[in-house]
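Read the structure below first, then the notes.
The values are calculated or read from the model by the stated rules, or taken from the named source; none is laboratory data. Fair warning: this is a prediction, and the values are worked out from it, not measured in the lab. Because the Cβ atoms are built from the backbone with ideal geometry, glycine has one as well, and the counts that use them run over all protein chains shown.
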Amino acid sequence: MLFSPSPQRKRLQLRISERRLLLMAGDVLAVILAVLVSLFIWSVVDQRASFSFAFVWYRSYWFFVLTGIWLLLASANDFYDLSVVVQRSAMLQRLILITIQMLVVYLMIFFLSPPASLPRLFILYYGVASFILIGTIRLVNPALLGWASVRRRVLIVGTDWAALSIISAIGRYAHQTYDIVGLVGEAEEVGGAIGDVPVLGAGGDILTLVRGHQVRELVVTSTRELSGTLFQGVMDAYEQGVTIVPMPLLYERITGQVPVEHVNNNWAVVLPIGGVSIFNPYPFLKRLMDIGLGLLGLLAFLPILPILTLAIRLDSPGSIFYGQERVGLNGRIFRIYKFRSMRQDAEATTGAVFSQKGDPRVTRVGLFMRKTRLDELPQIINILRGDMSVVGPRPERPEHVQRLTQKIPFYRTRLVIRPGLTGWAQVRYNYGSNDDDALVKLQYDLYYIRHQSLTLDLNIMVRTVGKVIKMSGV
């Protein structure tokens, strides 16, 4: 049930960000307690140290290290996705996965560190303690935070296609958080419905509807087409403390996408939120990260190069590497490099086309490389040269960019940043094989462009590792 026709008694209605903040706070508390428990067990087992303030203070860095790693892994595994939170089985599965990932990260650090510099069993104690504590907090969450579980009641102002899109988005991604009480349109539309949600009134009825249904948020589908009566009703609600949010921003918040079909010519909702500043350290730090990860990747790439070279050569005749023109930063054309995963004459008759799932042009070794993303490894050279970044929109071929720019609004906005080896669209959406997929991926790419940060980059890289392990490439 997306909408509620009758008012509830007045209770606190939290936003999505506030609910997620509560979940994070509970997790951080559990991690801190788990570290304390682990340090206590460590001191008891070791028998050479007593559990005291000095003992804990000397090892206090574990509180920050493990909290940071936990929040990163939890975010990358959608542990704060409210649709996951309400499903106990899904929540426990994610918790097990995150705990295993935490142990793997620690073991990697352990084996790369000098001997005796890290405790062997401390992280095992922590893994068990954090699993029990976080699981307990999450399982009893409805009892502890029942006052915060009330859905936020919203009224949608507008009856156009954007209204139908936000109704569908809420139904798919945020029905546990939002309760749509109805729509507001023109007088002649009252009594009708959009997507099973009724049109309850016109502009002059907004304040009455807000008070009668305890509405906390108005979702405005189009600020440019509001009539005088609708605008006045929205302002009356705003003066009463009701939150006003444009439909594109709410859609972006709950889906991780920018709805390019519904923003018309409003560039403000597709360009980066903070703009460009010479005092922003992010571009420098990101390039530094690209170079560092590129050099590490090159060291890992060289030992497996002879093996892949031999496998490709034995599987099918042709070159080992494959070069292709792609469109990069500001529309500059560069040549991308990959291991050849298709037969030599793959595009002799078709020209530039999207690859499909089960593409007959892909070789046997190529199929394995695509599933594990090994065919992308030579792009480390593109990263070190500055053609690409580790994270960003995937670079497309000039033929596709020219066609999609004419077909999809704001498509060229993808070119305002360097393309990436992986990206938000790659970890949130399946492989794109047609123009409709290109539209969906653009919505994810625009979200990344607007919200790019080192935290989001790390989130994407962790998700990418999960994709590689699952062999989900095409």
- [ ] Please list, ordered by first then second residue, the pairs with beta carbon atoms under 6 Å, 6 or more apart or interchain, first in the stretch 153-170 and among the acidic types (Asp, Glu), second surrounded by 21 or more Cβ atoms within 10 Å (Cβ to Cβ) and at pLDDT below 90.
- [x] 160/221
Task: Scan of the stretch 388-426 for residues that are surrounded by 22 or more Cβ atoms within 10 Å (Cβ to Cβ) and either under 16 Å from the mean Cα position of the chain (by Cα) or part of a strand (DSSP E or B) (or both), ordered by number - done: 389, 390, 391, 392, 393, 420, 421, 422, 423, 424, 425, 426
- [ ] Look through 423, 466 and report the one residue that is touching a Pro at 6+ places or on another chain (Cβ under 8 Å), among the small types (Gly, Ala, Ser) and in the same structural domain as residue 338 (by TED's automatic domain parsing).
- [x] 423
Task: Identity of the residue in the stretch 56-69, assigned to a helix (DSSP H, G or I) and closer than 13 Å to residue 125 by Cβ, that ends up farthest from the chain's Cα centre (by Cα) - done: 62
Open item on the list: So for the stretch 203-223 (the condition being over 29 Å from residue 18 (Cα atoms), surrounded by 19 or more Cβ atoms within 10 Å (Cβ to Cβ) and not assigned by TED's automatic domain parsing to the domain that holds residue 82), does at least one residue qualify?
Closed with: yes
Open item on the list: Condition check: more than 25 Å from the chain's Cα centre (by Cα), over 26 Å from residue 259 (Cα atoms) and either at pLDDT 90 or above or of a type in the set (Phe, Trp, Tyr) (or both). Does residue 155 satisfy that?
Closed with: no
Task: Residue, surrounded by the most Cβ atoms within 10 Å (Cβ to Cβ), within the stretch 171-183, restricted to residues that are more than 17 Å from residue 18 (Cα to Cα) and of a type in the set (A, V, I, L, M) - done: 183
Open item on the list: Which pairs turn up if I take residues in the stretch 125-141 that are in contact (Cβ under 8 Å) with a residue 24 or more places away in the chain and surrounded by fewer than 19 Cβ atoms within 10 Å (Cβ to Cβ) and look for partners that are in a helix (DSSP H, G or I) and basic (Lys, Arg) with beta carbon separation below 9 Å, at least 6 apart in sequence or on another chain?
Closed with: 139/88
Task: Among residues of the stretch 61-77, those that are under 13 Å from residue 461 (Cβ atoms) and either among the hydroxyl-bearing types (Ser, Thr, Tyr) or out of contact with any helix residue (DSSP H, G or I) (no Cβ under 7 Å at 6 or more places or on another chain) (or both), counted - done: 1
TODO: Could you tell me which residue of the stretch 38-55 is farthest from residue 216 (Cα to Cα), considering only residues that are touching a Ser or Thr at 6+ places or on another chain (Cβ under 9 Å) and part of a helix (DSSP H, G or I)?
DONE: 43
Task: Answer residue from the stretch 454-474, given it is among the hydrophobic types (A, V, I, L, M, F, W, C) and in contact with a Gly (Cβ under 9 Å, 6 or more places away or on another chain) and is modelled with the lowest pLDDT among those - done: 474
Task: Matching residues in the stretch 430-449 - criterion: being at pLDDT 85 or above and surrounded by fewer than 17 Cβ atoms within 10 Å (Cβ to Cβ) - done: 440
TODO: Might you check whether a residue that is assigned to a helix (DSSP H, G or I), out of contact with any Pro (no Cβ under 7 Å at 6 or more places or on another chain), modelled with pLDDT of 80 or more and within 30 Å of residue 171 (Cβ to Cβ) occurs anywhere in the stretch 99-113?
DONE: no
Task: Test: residue in the stretch 37-45 that is touching a residue at least 60 places away in the same chain (Cβ under 8 Å), touching a Pro at 6+ places or on another chain (Cβ under 8 Å), in the same structural domain as residue 128 (by TED's automatic domain parsing) and under 20 Å from residue 131 (Cβ atoms) - done: yes
Task: Residues of the stretch 79-98 satisfying the condition of being in a helix (DSSP H, G or I) and of a type in the set (A, V, I, L, M) - done: 82, 84, 85, 90, 91, 92, 95, 96, 97, 98
